[in-house]
Amino acid sequence: MTVVVLCLLLLCGLVSFVIGSFVIARDWKKAQNLAFFGLSLGISAWALGIAGFVQTNSLTTAIVWAKFYYVAPLLLVFSSVLFAVDYLYTTKISKKFLILFGFTGLILAILLVFGQNFMITGIAERAYGKEVLLNGRHYLLYSVYLLACFVLTIAITFKKMRAERYRIARQQVKTFLFGYTVSCILGVFFNLILPGLGNYSLIIVGPLCTTFFLFATAYAIVRHKLFDIRAVVARSVAYAASLVALATLYGVVVFTLANFVFGLHLSLQAQIYLSIATGLAGLLFQRPIAMFDKITNTVFYRDAYDAQELFDHLNRILVSSLDLNYLLKHSSVLLAEKLKAEYVLMGLKDETDARYRISGTAKMSFDVADIEKVRALTPKFRQSVIVADYLDEKHAELKSLMITNNISVLVRLSPDVHKGDEGFGYIVLGAKKSGNPYGNQDVRVLDTVANELIIAIQNALHFEEIQRFNATLQTRVEDATRQLRRTNSKLEALDETKDDFISMASHQLRTPLTSVKGYLSMVIDGDAGKINDTQRKMLGQAFISSQRMVYLIADLLNVSRLKTGKFIIDWAPVDLSKVIDEEISQLVETAESRGIKLSYKKPAAFPVLNMDETKTRQVIMNFVDNAIYYTPSGGAIDVQLLDKNASIELRIVDNGIGVPKAEQHHLFTKFYRARNAQKARPDGTGLGLFMAKKVIVAQGGAIVFESREGQGSTFGFSFSKARLNPTNNLVGAPEIGKTTTHSRKA
């Protein structure tokens, strides 16, 4: 276990040192790079110090390592303050303040190393290992300094993140803040608070927690171009791949031949050593390096291209059309493909207003204020191609604008760059996909491309001017079409909002209604005490009304599910004759209270069918309920369930108001109700028949409907037996003459 921990500590320190080295190698003159290298070095020293402290068996040596790993965090936290101030902060902090912070940290480091019993008073052996004995007052001073640096760095970083306008810079700051904050909190807990309380068993955790910071930094480098060191990383990977490949090839070929041909046996350690040495030697020769450079260029998007081939292809594009959008789009695609750029955009000023016509390989949005600054700065240059990496301190403002907006190259499309005018517009290029900078060949190619594009753009603009008169009417038609589309989109959005509201309201109503139904059923069944017939009748009507509400809510939810594609049929074996009998029994009292005779003769035997019982119950309930409400007092309703040779059919026949012939074709559409139905029952929704048809058709059935106004209607459905029969055919047929007990419980 100790070996694993030591390896993890050393790996953590090595990764931190490598990342810091990449940053300092990019540009060692920048203060921010130096500060970050100091931060990385502090993490490495901290991890190394704790590894040495854990593995040593000498108490004298342990004191040396303890002083080393207590000094390392001082370098870490002060470097993080410097990095935050120089790289992240936009307002200058007093140099005296920073000098005071640095001087305090230096004094603490000197006292720790050379002071007699300053903070570290000795080493004690414990059951879990060694423990550093600390002077409480000195340790408190040390802790306050570390915490002050942590808090200052986090506060500066958070303020910068809130104020940052540019997306890529904000992502860099956010990633740094996340990794640094998590590592700080864990490090303070395991290596500052717990040791202060006398618990040294978990001091190895602190340096390992810096992996959050290291991973966040690595992610920011790769994803958000922090420090812009991708080229260094790519080249380092190339040489590392060369070393591994040569060493592996040498080991496999040479030692295999030596073993089987000459009988030479070497230890594994010797084989590894000789393989690595051979790999290093191979890297000294240009030919292996060139070969692996070619491989890594392929992996990291090879930059090489034929300039003449690019010009030939561009000329074919420019002479093939006078459509300016076509020219800009295809020219952008060609440049992005040949130069291996992340994106290429072309923006032309519109002479009729201040807007730009932009076309390219990606959709990018730039801050308006930044665009205006760039337009003001670029005419000062006397060349058409401006590369961010080549700009010096004299043009620091333009360089900063380009970097923050992820722009590597700007190309002015101006007929005469020496006049100092802005020209037609710009070609904007992102960084190369390989991470390499744009070279002299790229600059010369882009300069030539700009000259050819200027001529083609001028011709296309003249052609557009000629066509503009004829396009006026077409533009107005297109504007009207767009307006109609926008209006239609708003209507669709309103319709979607309505459906969302219906779905939400239905879900909210379902639970209380279920509770109401349950309690009504319990009261009717005598669970709350004996009730008289009048009370039973009234409660029964309330129960039926709540059941109708449940079915209405189910209809609303099913309408919503139909639109979202979540309407599902739950197949299960169902005794349809029993289902109908149960539903009719709940409506008999309602029909009698309205002076209507409701009759149903349950078949003696009926096949079990595969159906969705719940949804089919809703359909039956809806048909019978409609018949009751649309049949005058003294009328009759006959429910017929027919078992035919190849099919089954349900028919609900009434002698009610009927449906006008002119309106019958609308009857099963959503929210539609016939005029006479609206007068007879104003509170209807028009969803019942719509959902009934959806449910029956979804199960493979067909709606039965016949009606004559003033004479009555027939509603029902029919199904093919072959379609609905369970795989085990007819099972569970009800017994002939068996009495059915009706229950109101939900």
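The values are calculated or read from the model by the stated rules, or taken from the named source; none is laboratory data. Keep in mind that what you see is a predicted model, and the values were worked out from it rather than measured. Glycine also receives a Cβ, built like all others from the backbone with ideal geometry; neighbour counts cover every protein chain displayed. We work out accessible area using only protein heavy atoms, side chains counted, and drop any ligands, DNA or RNA first. Shrake-Rupley method; radii C 1.70, N 1.55, O 1.52, S 1.80 Å.
Structure data summary
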{"item": "Long-range amide H partners of I123 with built H, under 5 Å", "result": "L133"}
{"item": "Label-point separation in nm, L377 to S720, each point 7 Å along Cα→Cβ", "result": "7.4 nm"}
{"item": "Spacing of the two label points (7 Å from each Cα toward its C-beta) at N315 and D638, in nm", "result": "9.2 nm"}
{"item": "FRET E, pair D306, V333, Förster distance 22 Å, beta-carbon r, rounded to 0.05", "result": "0.85"}
{"item": "Nitroxide proxy distance, nm - points 7 Å out along Cα→Cβ at E125 and L484", "result": "9.3 nm"}
{"item": "Residues in the range 366-396 reached by a label modelled at K30 [backbone nitrogen below 12 Å; 7 Å Cα→Cβ]", "result": "389"}
{"item": "F158-Y672 FRET efficiency (beta carbon distance; Förster radius 51 Å; 0.05 resolution)", "result": "0.30"}
{"item": "Solvent-accessible area per residue for the range 124-193 (1.4 angstrom probe, square angstrom)", "result": "52 Å²"}
{"item": "Percent accessible area from carbon and sulfur atoms, the range 580-624, protein chains only, probe 1.4 Å", "result": "46 percent"}
{"item": "In range of the label at N135: residues from the range 50-87 whose backbone nitrogen is under 17 Å from the point 7 Å along Cα→Cβ", "result": "63-64, 66-68, 70-71"}
{"item": "Placed amide H near V574: partners under 5 Å, 5+ positions off or other chain", "result": "L609, N610, M611"}
{"item": "Extended-chain gain in nm, criterion 0.36 nm per residue less alpha-carbon gap, D416 and F114", "result": "101.8 nm"}
{"item": "Potential lengthening between A646 and V697 on full extension [0.36 nm per residue; Cα-Cα distance subtracted]", "result": "16.6 nm"}
{"item": "Rounded FRET efficiency, nearest 0.05, which uses the C-beta distance separating V704 from E663 and R0 of 30 Å", "result": "0.95"}
{"item": "Stretch gain in nm, segment K597-V151, where the contour uses 0.36 nm per residue and the Cα spacing is subtracted", "result": "152.2 nm"}
{"item": "Overall dimensions of the range 355-481 by Cα: Rg and Dmax, Å", "result": "16.9, 52"}
